[in-house]
Amino acid sequence: MKHLNSIRLLAAASTTAALSVTLGGAPAFSDVDQPTISTHSIEQGDLASSPSLRRDVNGDGRADIVGFGNDGAYVSLGQSNSTFTQPVLAVNNYGYNAGGWRVERHPRHLADVNGDGRADIVGFGNDGAYVSRGRTNGTFTQPVLAVNNYGYNAGGWRVDQHPRLLADVNGDDRADIVGFGNDGAYVSLGRSNGTFTQPVLAVNNYGYNAGGWRVERHPRHLADVNGDDRADIVGFGNDGAYVSLGQSNGTFTQPVLAVNNYGYNAGGWRVERHPRHLADVNGDGRADIVGFGNDGAYVSRGRSNGTFTQPVLAVNNYGYNAGGWRVERHPRHLADVNGDDRADIVGFGNDGAYVSLGQSNGTFTQPVLAVNNYGYNAGGWRVERHPRHLADVNGDDRADIVGFGNDGAYVSRGRSNGTFTQPVLAVNNYGYNAGGWRVDQHPRLLAGDTD
Ligand SMILES: [Ca+2]
Ligand SMILES: [Ca+2]
Ligand SMILES: [Ca+2]
Ligand SMILES: [Ca+2]
């Protein structure tokens, strides 16, 4: 699969979007006007990976659904006609009943841990990080405790304090754990046997105590800013965006203030109002910041020295004031819809999905209503019930919409003109009514997801 070339994030998807709803009422979010969701959770899912590292379950280049249901992880394989196969119970663990996994305690991700080209499940359970390796038949191996840390009991990791991500830090094509703990960012490197090395304090910042980083104020991402195929930390702190570059030994350089904007104080950016993403807008192989501010979408381009250019208003829409976009109603993604290797904005507004195409100068085209569905009014889509993803379902190198509606998973194919085909019910499961899937209990991911 061809995707945004710049960012070597191995996590095909994460459950963070689902976490948003359950975290809404937590004390950490008590200052949020609309306590139903945090943008922190939404935006962590939008990082793209290099073509060689974005993995689906069975390795055929078509995105697959992985749904964590009551009885375990179910898989539906993407097909060339843009539908999905019927759900198969792919491993009888990582589920609400099967193992007692909870969204508010146990994040679950998809990433290629062992470098075999297929997505593996990485589940942060009570006793540490468990791995189930993806198999060519679309099922997963039984869980193995891959490192006895990063867990609810093992280390005392908490969803509302300690983000845990997966990306290739050292550039060996295997996904590594990056955990933002109390004392800084810890790294455990993925090994060819599907386990992880013991945690190493990779940089003594970006932590709950080390620097005072807070989930509800300071989003932290992994993306390749300087284009060396190693994941870098991008942390949105009080004074702007800080960067620490990934090194071949699996540690990070000390934080540098890479642009003095997009911060809690620098610009007044708020998690509950202003989603911030990393994506390659101009196609130069380096991750750029895309920040949805009050007046529209701002872009700062990544530079080879690991800093960012000053913000430019790249399109005067998709903002809190510009268009009236709200985190709790209107998810905004970055994905390559038209297949030109530049990230495009896909915004789920009131009347449907809007698209603005990324341009080589780092700006976006004006919004076009790309399909009149998947919107707050158009179809009645709700953040707290109906997750929407961007992923290449049919393997044509263009991002497709996968929307989990009431009656199942709907697909709209991306077209070369930047619009989408009308929704088709691609599998009659994984829906609010079809199967009884709930955002706060049953994470639904796309392996090979581009957003
Ligand atoms: Ca597949
Ligand atoms: Ca690695
Ligand atoms: Ca890098
Ligand atoms: Ca594009």
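Listed here are the residues, each with its yes/no results for (1) over 16 Å from the mean Cα position of the chain (by Cα); (2) within 16 Å of ligand 4 (Cβ to nearest atom); (3) of a type in the set (D, E).
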| residue | (1), (2), (3) |
| --- | --- |
| N372 | yes, no, no |
| E384 | yes, no, yes |
| D392 | no, yes, yes |
| V402 | no, no, no |
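What about R398, is it away from ligand 3 (no atom under 16 Å from the Cβ), closer than 26 Å to L110 by Cα, in contact with a Gly (Cβ under 9 Å, 6 or more places away or on another chain) and not hydrophobic (A, V, I, L, M, F, W, C)? Explain how you work it out, then say what you get.
Details: away from ligand 3 (no atom under 16 Å from the Cβ): yes; closer than 26 Å to L110 by Cα: yes; in contact with a Gly (Cβ under 9 Å, 6 or more places away or on another chain): yes; not hydrophobic (A, V, I, L, M, F, W, C): yes.
Here the answer is yes, as R398 does meet what is asked.
Kindly provide the set of residues from the range 143-197 that are within 13 Å of ligand 2 (Cβ to nearest atom), surrounded by fewer than 19 Cβ atoms within 10 Å (Cβ to Cβ) and more than 21 Å from G235 (Cβ to Cβ), ordered by number.
Selection gives D172, D173, R191, S192, T195, T197.
Is it fair to say D116 is within 16 Å of ligand 1 (Cβ to nearest atom), among the charged types (D, E, K, R), free of Cβ contacts under 8 Å to residues at least 60 places away in the same chain and farther than 15 Å from F68 by Cα?
In short, yes.
Out of the residues in the range 333-350 that are over 14 Å from F420 (Cβ atoms) and outside any strand (DSSP E or B), state the one that is farthest from ligand 2 (Cβ to nearest atom).
It comes out as N350.
Do we find a residue being among the aliphatic types (A, V, I, L, M) and free of Cβ contacts under 8 Å to residues at least 24 places away in the same chain anywhere in the range 119-136?
no
Taking the condition of being more than 16 Å from ligand 4 (Cβ to nearest atom), more than 15 Å from the chain's Cα centre (by Cα) and modelled with pLDDT under 55, how many residues in the range 43-83 meet it?
1
Which of the residues spanning the range 89-114 are assigned to a loop (DSSP other than H, G, I, E, B) and within 19 Å of S76 (Cβ to Cβ)?
Within the range 89-114, N92, N93, Y94, G95, Y96, A98 qualify.
I need the full set of residues from the range 411-445 which are surrounded by fewer than 24 Cβ atoms within 10 Å (Cβ to Cβ), within 24 Å of H109 (Cβ to Cβ) and among the hydroxyl-bearing types (S, T, Y), in order please.
Selection gives Y432 alone.
Listed residues G267, G250; which is within 16 Å of ligand 2 (Cβ to nearest atom), crowded, with 18+ Cβ neighbours inside 10 Å, at pLDDT 95 or above and assigned to a loop (DSSP other than H, G, I, E, B)? It would help to see each step written out before you state the result.
Values: G267 fails: within 16 Å of ligand 2 (Cβ to nearest atom).
Sole residue among the options that is within 16 Å of ligand 2 (Cβ to nearest atom), crowded, with 18+ Cβ neighbours inside 10 Å, at pLDDT 95 or above and assigned to a loop (DSSP other than H, G, I, E, B): G250.
Checking the conditions here, which among G324, G285 is within 16 Å of ligand 4 (Cβ to nearest atom) and among the small types (G, A, S)?
G285
I'd like to verify a number: residues in the range 413-451 that are within 16 Å of ligand 4 (Cβ to nearest atom) and either without any contact (Cβ under 8 Å) to a residue 60 or more places away in the chain or on the phi > 0 side of the Ramachandran plot (or both), how many?
Counting residues in the range 413-451 that are within 16 Å of ligand 4 (Cβ to nearest atom) and either without any contact (Cβ under 8 Å) to a residue 60 or more places away in the chain or on the phi > 0 side of the Ramachandran plot (or both) gives 1.
The values are calculated or read from the model by the stated rules, or taken from the named source; none is laboratory data. Just so it is clear, the structure is predicted and the values come from calculations on it, not from any experiment. Glycine gets a Cβ as well: all are built from the backbone with ideal geometry, and neighbour counts include every protein chain shown.
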